[in-house]
1. Hey, can you tell me all the residues within the range 55-90 that are under 13 Å from Ser117 (Cβ atoms), touching a strand residue (DSSP E or B) at 6+ places or on another chain (Cβ under 7 Å) and not β-branched (Val, Ile, Thr)?
2. Just give me the residues in the range 97-153 being at pLDDT below 70 and not in a loop (DSSP other than H, G, I, E, B), in sequence order.
3. Within the range 88-109, track down each residue that is of a type in the set (S, T, N, Q) and closer than 16 Å to Leu45 by Cα.
4. Looking only at the range 42-54, which residues are of a type in the set (A, V, I, L, M, F, W, C) and over 16 Å from Ala112 (Cβ atoms)?
Amino acid sequence: MTGPRHADRPSHIASHRDGSPLNPDMLEVAPGTAHDAVQGWVPELASEEELRIALEKAFDYRGDITITLRDGSKVEGYMFDRVTGPDLASSFVRMIPSDSTPRRKIAYADIAALAFSGRDTAAGKSWEAWIKKYWETKASGEKGFGLQPEALD
């Protein structure tokens with residue numbers, strides 16, 4: 001015995017049989033990931049746990065971060081990887097510096113401060129705007145609508 005197929009649901013049958021375009025607001029979608037608004041945030045790094053939490057948020061961040069090292073030097077760039085070990089000395093982040101210097105591997109133990117300094121390039125409603133434009137273009141009968149990126153302001 002099987003359950004109803006997704007295509008057999010009344011809301012989908014009506015939209016397919018009468019030829020009307022699909023309404024993207026009515027489509028079933030998996031829930032997205034909620035991203036914290038951390039752009040401009042400078043977290044307190046008073047404890048090991050706070051440092052680990054801040055670096056996890058930095059890994060999920062889609063903009064540049066600035067790390068101040070214990071020796072006073074700063075590294076600004078995109079954090080593309082991190083490895084968490086049992087202690088701070090064996091945990092590290094890997095970054096692509098924004099000044100085009102080679103990639104850096106920085107131990108958590110060497111981090112004195114962290115700032116979410118760059119613009120979050122994926123913030124906002126760009127996905128929703130793209131979907132709306134896609135469905136409007138499709139409904140008007142225009143051809144050739146593709147995955148065109150929007151200009152960053």
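The values are calculated or read from the model by the stated rules, or taken from the named source; none is laboratory data. Everything numeric here is computed off the predicted structure, so don't read it as measured data. For neighbour counting, all protein chains shown are included, and Cβ atoms are generated from backbone atoms with ideal geometry for every residue, glycine included.
1. Within the range 55-90, Ala58, Asp64, Lys74, Glu76, Gly77, Tyr78, Met79 meet the criteria.
2. Ser126, Trp127
3. Quick first cut of the range 88-109, residues of a type in the set (S, T, N, Q) only: 90-91, 98, 100-101.
Result: Ser91, single match.
4. Initially, the range 42-54 is screened for residues of a type in the set (A, V, I, L, M, F, W, C), giving 42, 45-46, 51, 53-54.
The one that is of a type in the set (A, V, I, L, M, F, W, C) and over 16 Å from Ala112 (Cβ atoms): Ile53.
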